[in-house]
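Step one of this worksheet: look at the structure below.
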Amino acid sequence: MNAPWKPGSTGLRDPFAAYVCDETTAETLRPVAAELGWAVEKVHKGGLRNAVQSLSVSASPQILFVDLAESGDPLNDINALAEVCEPGTVVIAAGQVNDVRLYRDLVASGIQDYLLKPVHPDMLREALGHAQAMLNAPKPIDAEPDRPHLATAVIGTRGGVGASTLATSLAWLLSEKEKRSTALLDLDVHFGTGALALDLEPGRGLTDAIENPSRIDGLFIERAMVKASEKLAVLSAEAPINAPLMTDGAAFYQLQEEMRAAFECTVVDLPRAMLVQHPHLISDIQTAVIVTELTLAAARDTIRILSWLKTNAPQTRVTVVCNRMHPTAQIEISRKDFEGSIERKIDHVVPFDQKLAAQAAKLGKPLAEAGKNSKTVAPLVDLAGSLLNANDEIADSIGPAKGGKNAKGKSLIASLLNKRPAK
């Protein structure tokens, strides 16, 4: 079900009310409420059942504290409370069950926090203060109507080409340089580096979404995503490698839907395996960035991915980026031969800078931030600008993405690969 409590208009309702099961909790709650300027008479006895009965005939407060100690089925009872609560109510619950899964389920259902009884005054003060700050926080500015949402998938043709590094820098550039609210969705569930590259803890948001896709909504996105800056948020994971995640991909698709509603830009770090397993993930992607290198194996897989995109996502505009470009003496295939084999031009070339890469990793910053004046970063800035321009063109006139120019005949490399080049 959709989470029932979404911060919004609170009108002239009471700022606070509480429904507790015992006098000890009431005595702890009253002085904290008084500190925050709330009437202590609003601390009622009766717990969740009394809350449901009272709020069914009266307006719900801005902040509601409910005691679940006498509830036999807390999750279902919270859902019953949702039916009598008005949008905008921030709900904090307390209970005696010390269960991480219950906590996650309650938070996913829409409550702000779950406190374990006996409730400590400091913990209560912090939870109520956070709820008050949440209500007083300025509302996010909606995307301008003339700035359509940009959804970009970054796909590496081979492991180690730097697709994740590029995705993180691209998300940072869109948020910091272009001033667009941006979500970075890292779909490498077990080994993703989106949060790591930004010196963040990934949290459990992505794994929770996979386990409970029906609970994904705007409020879930708000709580699950880790904020990197004012305009950049990340959803990543480090799922245990001994616990394969079984999913049909519905959660990933729903996440993209909610991010499209909440942000101006979405950058999806999309591993090749996910592209094969869940082809529907590319259905609403306007632009795809294929990250490659000048090697024989990368040429083969660039051809295959371009061909796949042409068949399965003709609406997606494709950009090819050659990343980690070494000096000419060190490359396996010349740029000319590579472009001949894939039968289209490389759109952007990002020079390899080992010193900058090491510095960015040590600082916990994306490449684009760590090397603002570097020759390596300039092509990334151009890439961000070209994606926005391409998105504007697509918004003006929806149509299939344009492919690259066909080369005259197969190149030597294409012949060696024994693959028909993408056209």
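The values are calculated or read from the model by the stated rules, or taken from the named source; none is laboratory data. In this text the structure is predicted, and so the values were computed from the model without any measurement. So basically every Cβ, Gly included, is an ideal-geometry build from the backbone, and we count neighbours across all protein chains shown.
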Next item on the list: Answer yes or no as to whether Val267 is under 22 Å from Gly160 (Cβ atoms) and under 19 Å from the mean Cα position of the chain (by Cα).
Entry: yes
Item checked: Number of the exception - Glu41 against (1) within 30 Å of the chain's Cα centre (by Cα); (2) over 24 Å from Leu219 (Cβ atoms) -> (1)
Check: In segment 338-346, is there at least one residue being assigned by TED's automatic domain parsing to the domain that holds Ala163, over 26 Å from Thr376 (Cβ atoms), buried (at least 16 other Cβ atoms within 10 Å of the Cβ) and acidic (Asp, Glu)?
Finding: yes
Notebook entry, point to check: Between a first residue in segment 78-104 that is under 22 Å from Ser58 (Cβ atoms) and a second residue that is basic (Lys, Arg), which pairs have beta carbons less than 6 Å apart while being 6 or more apart in sequence or on different chains?
Noted result: Pro87/Lys6; Ala94/Lys117
Margin query: Looking at Glu343 and the list (1) over 27 Å from Asn391 (Cα atoms); (2) touching a residue at least 12 places away in the same chain (Cβ under 8 Å), which single condition is not satisfied?
Written below: (1)
Note to self: Taking the condition of being closer than 15 Å to Glu70 by Cβ, hydrophobic (A, V, I, L, M, F, W, C) and surrounded by fewer than 22 Cβ atoms within 10 Å (Cβ to Cβ), how many residues in segment 27-56 meet it?
What the structure shows: 1
Item checked: Odd one out for Gln277, checked against (1) surrounded by 15 or more Cβ atoms within 10 Å (Cβ to Cβ); (2) farther than 23 Å from Arg147 by Cα -> (1)
Check: Hey, among Ala313, Ala298, Ala288, which residue is surrounded by 20 or more Cβ atoms within 10 Å (Cβ to Cβ) and out of contact with any strand residue (DSSP E or B) (no Cβ under 6 Å at 6 or more places or on another chain)?
Finding: Ala313
Next item on the list: Might you check whether a residue that is more than 12 Å from the chain's Cα centre (by Cα), aromatic (Phe, Trp, Tyr) and under 22 Å from Gln277 (Cβ atoms) occurs anywhere in segment 171-181?
Entry: no
Notebook entry, point to check: Which of the following residues is of a type outside the set (D, E, K, R) and touching a residue at least 12 places away in the same chain (Cβ under 8 Å): Val57, Val20?
Noted result: Val20
Next item on the list: Report, by residue number, each residue of segment 83-133 that is out of contact with any Ser or Thr (no Cβ under 6 Å at 6 or more places or on another chain) and of a type in the set (Asp, Glu).
Entry: Glu83, Asp99, Asp105, Asp113, Asp122, Glu126
Item checked: Residue list for segment 353-379, filter: part of a loop (DSSP other than H, G, I, E, B) and out of contact with any helix residue (DSSP H, G or I) (no Cβ under 9 Å at 6 or more places or on another chain) -> Lys372, Asn373, Lys375
Margin query: Looking at (1) in contact (Cβ under 8 Å) with a residue 40 or more places away in the chain; (2) farther than 17 Å from Ala153 by Cα; (3) hydrophobic (A, V, I, L, M, F, W, C), which one does Val318 not meet, given that it meets all the others?
Written below: (2)
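On the basis of being surrounded by 14 or more Cβ atoms within 10 Å (Cβ to Cβ), at pLDDT below 85 and among the small types (Gly, Ala, Ser), does Gly404 make the cut?
Here the answer is yes, as Gly404 does meet what is asked.
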